[in-house]
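The structure appears below as structure tokens.
The values are calculated or read from the model by the stated rules, or taken from the named source; none is laboratory data. Here the structure is a predicted model, which is why all the values come from computation and not from measurement. Positions of Cβ are backbone-derived with ideal geometry, glycine not excepted, and every protein chain shown enters the neighbour counts. Quick note on the areas: whole protein, heavy atoms, side chains included, nothing else; ligands and nucleic acids left out. Shrake-Rupley method; radii C 1.70, N 1.55, O 1.52, S 1.80 Å.
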Amino acid sequence: MSTRQVAMVMDLNKCLGCQTCTVACKTLWTRREGMGHMLWNTVNTQPGTGTPHGWETMGGGFADGEARPGHRPALDEYGRDWAFNHQDVFFGGDSKERLVPNGGAYGKGANHDEDTGAGEYPNSYYFYLPRICNHCTHPACLEACPRQAIGKREEDGIVLVDEGRCKGYRFCQEACPYKKIYFNEEEGVAQKCIFCFPRIDQGVTTACSRQCPGRVRFVGYLDDPAGPIHKLVNVHQVALPLHAEYGTQPNVYYVPPLSPPKLDPDGNPTDEPRIPTEYLVSLFGARVHEVLAKLEAERARVRDGGESELMDLLISRKWLDMFGPFTRHPREAQPVHFHPKRQPT
Ligand code: SF4
Ligand code: SF4
Ligand code: SF4
């Protein structure tokens, strides 16, 4: 049991789908052999199959308090690391060829269904959903590991794999309902998002949040009354977990996206939002209705010249206020060493 819990809130109204977060994580933590296909942070276009391909249908997690059987994703379902046709384009190929990534069975690497929307013109829609490990309060990965190789830090609830203890049984991959734990076939160990703990330990926020140009990601402790997480989750109650029904009590929360109104056949706006609310409910639960209504009301208040603490918070004019106690510049911290290699037991 952890005494405190760090958490992240992502405001989906601001995500640009730029993948800066993905690259920030990739370049910092997953450059070792066997990590090429790993994207601890992914950003997918919704509604879509996500990463790994079809992850929401792969089981895992808990139902009625009992562990639910789960599928272990194959490399092609995650998306292999990108291989480009450099040879064809730069060395003797047809000069009209363009660089094309080849990322396995489902096409372009891990970013399945990129920018593929749903609905009929002019009412088509899509939005972006960034995902990392949820550092769950009831982690299915931890419970499934017969080696006790997965632990939850007491001081902040970050869930980590002890690579020295891991024997590569991969039950954690079957058990995680978010499919956010990867397997390094070169080293025979499970690996996952570490919530940038070497930075957190030094008061520096995570790389994916600090680099995000959309100011999408808030970081802090759930119980810190001065921090943004407590305000968004507990006070204003506009941040919701993804698929809470999976039973792991995730600690990443989302502010659901508003959308423009649907147009009727004459091109006039209707009362219906372009993104079907029922689709958002399927992701974030029934409270979506009240959260969207609250966001609309607060937005209208500001439009009418009023003040709104919630809108000020979400707009994030003061960028560093997004990171609770983790505002230190990475430059001022001790160099963050590359994720250590597996130590033999
Ligand atoms: Fe474990 Fe998956 Fe939860 Fe991360 S999201 S803590 S890998 S169960
Ligand atoms: Fe990667 Fe750190 Fe973000 Fe986790 S918290 S996805 S390790 S950058
Ligand atoms: Fe870009 Fe931020 Fe969205 Fe990541 S979360 S895709 S960095 S806007």
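Side notes on the structure shown:
- Residues whose amide H comes within less than 5 Å of that of L240, counting only those at least five positions distant or on another chain, are Y254, V255 (H built at 1.01 Å from N in the peptide plane).
- Sum of side-chain charges, Y78 neighbourhood, beta-carbon under 12 Å (Lys, Arg +1; Asp, Glu -1): 0
- Over every Cα atom in the chain, the radius of gyration and the widest Cα-Cα span, Dmax, amount to 20.8, 70 Å.
- Most mobile of F326, F90, F197 in a GNM of the chain (Cα contacts under 10 Å): F90
- Surface analysis of the stretch 169-265 yields an accessible area of 32 Å² per residue, using protein heavy atoms and a 1.4 Å probe.
- Pairwise label distance in nanometres, S124 with R331, each label 7 Å out on the Cα-Cβ vector: 4.4 nm
- The chain - percent relative contact order, Cα under 8 Å, separation 6 or more: 23 percent
- What the phi angles of the stretch 182-194 give under the Karplus curve with 6.51, -1.76 and 1.60, with θ = phi - 60°, is a coupling list of 10, 10, 8, 6, 6, 9, x, 9, 7, 9, 7, 3, 10 Hz, glycine and proline written as x.
- Comparing M311, M58, M322 in a Gaussian network model of the chain where C-alpha atoms under 10 Å apart are linked, the largest mean-square fluctuation is found at M311.
- At most 16 other Cβ within 10 Å, DSSP loop - chymotrypsin sites (Phe, Trp or Tyr not before Pro), the stretch 162-215: Y169
- Computed from phi, the 3J(HN,Hα) profile of the stretch 281-292 under the Karplus parametrisation 6.51, -1.76, 1.60 (θ = phi - 60°) reads 4, 5, 8, 10, x, 5, 5, 3, 4, 5, 5, 4 Hz, with x in place of Gly and Pro.
- Percent accessible area from carbon and sulfur atoms, the chain, protein chains only, probe 1.4 Å: 52 percent
- The mean accessible area for residues of the stretch 1-102, using a 1.4 Å probe and ignoring ligands and nucleic acids, is 51 Å² per residue.
- For the stretch 58-68, backbone phi angles converted through the Karplus equation (6.51, -1.76, 1.60; θ = phi - 60°) give residue-by-residue couplings of 9, x, x, x, 10, 10, 6, x, 9, 4, 9 Hz, Gly and Pro being listed as x.
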